[in-house]
Amino acid sequence: MRYPKGAIVLSDALDVPALRKVYQAGHATAWQLYRALNPVYDESKWKSFVRRLGILSERHFLIRLVVDGMAAPVFALGDEGARSLQGRLPTVIEAGPRDSNRGDRDHVWHDVELFELQLKLRQAGVVSSWLYEPEIRADNELTNFGYAKDYDAIVTFRCGQKSGRVALEYERSPKSTKQYKRIAGILNGETKITSVLYLVCNVQMESFLLNGLRGTRRQVYVSQAHQFAEHPTEAALVDVAQQVQHRLADCLS
């Protein structure tokens, strides 16, 4: 790909998919982006991809972040990238998406870990479609047929002969009991999605959410993220209302 001196020409086949994926994910590493866009690894293609990300970050289409504790730099969508996507994607609703969260360490970790969960679930073959948080937010802000809240994702899972849409939330750190009580009330008003799945980092978070969300009347399940990502069809999903264990197939229509 050639760039005229002093300018950059975006490739609709190569650059735009990468920018769109960063926008959808919020934050992602180069390796995650490559895996999301290229099902088969090719060394020369990988090196070319990394060079392209470098050029896009130099020209402010992407923001390259170095985050303490992460082994690789993380990319977020820059202002030029957002402007370029606004002419191509109807779901881009702001010139600088997530401005308040750029560089917020907890938010970066949340996005990167959630994106990794998605890649593993896709590899396991249980995902038919994945609606990202920015796309959900666009529906909620720009239409009259949105969801009860800005979920982290709306995922269509398939398990054997069963398939169904599930609102997915990745809970990396706990909120207050008061906040979970408010969220339970919001979930009670959900009309578009039957089931909500909370993925958590450890057993303590699992116990905390099972208690904090007990006021909901919806089908809400809690599961440990690493177990669900590794064995999505066999991992335990605990029903908040009944406090009993289910499997993914049980939660699909």
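Estimated at 0.36 nm per residue, the fully extended path between SER48 and ASN202 surpasses their Cα-Cα distance by 51.6 nm. Which whole-angstrom value gives the distance between the alpha carbon centres of region 198-235 and region 134-178? Centre-to-centre distance over Cα atoms comes out at 15 Å. Available extension along the chain between ARG59 and ARG214 is 51.0 nm, counting 0.36 nm per residue and deducting the alpha carbon span. Placing +1 at every Lys and Arg Cβ and -1 at every Asp and Glu Cβ, with all other atoms neutral, what dipole size does region 101-253 have around its Cα centre, in debye to the nearest 20? Here region 101-253 has a charge dipole of around 440 debye.
The 3J(HN,Hα) values that the Karplus relation (6.51, -1.76, 1.60; θ = phi - 60°) gives for region 12-28 are, in residue order, 5, 8, 10, 6, 4, x, 5, 4, 5, 5, 5, 4, 5, 6, x, 9, 7 Hz. Gly and Pro appear as x. Non-local lysine pairs in the chain, meaning eight or more places apart or on different chains, with alpha-carbon distances under 18 Å, amount to 6. Between ASP68 and VAL244, the distance separating the two model label sites (each 7 Å from Cα on the Cα→Cβ line) works out to 4.7 nm.
In the chain, taking the dipole from charged Cβ atoms about the Cα centre, the farthest positive-side position among GLY185, SER128, VAL200 is held by SER128.
Residues TYR221, TYR132, ranked from the fewest to the most other C-beta atoms within 10 Å, line up as TYR132, TYR221. Take the Cα of THR156, step 7 Å toward its Cβ, do the same at SER129, and the gap between the two points is 0.4 nm. Projected label points at GLN86 and ASN144, each 7 Å from Cα along the beta carbon direction, are separated by 2.7 nanometres.
Principal-axis analysis of the Cα atoms of the chain puts helix 133-142 at an angle of about 80° to the longest axis.
Going by neighbour counts of Cβ atoms within 10 Å, the residues LEU85, LEU62 line up, fewest first, as LEU85, LEU62.
Using the count of nearby Cβ atoms within 10 Å as a rough guide to exposure, how do HIS231, HIS107 rank from fewest to most?
Neighbour counts put them in this order, fewest first: HIS231, HIS107.
Here, each number is a calculation from the coordinates, and none is a lab measurement. The structure presented is a predicted model; accordingly, all values stated were derived computationally and were not measured. No Cβ is skipped: glycine too gets one built from the backbone with ideal geometry, and neighbour counts run over all protein chains shown.
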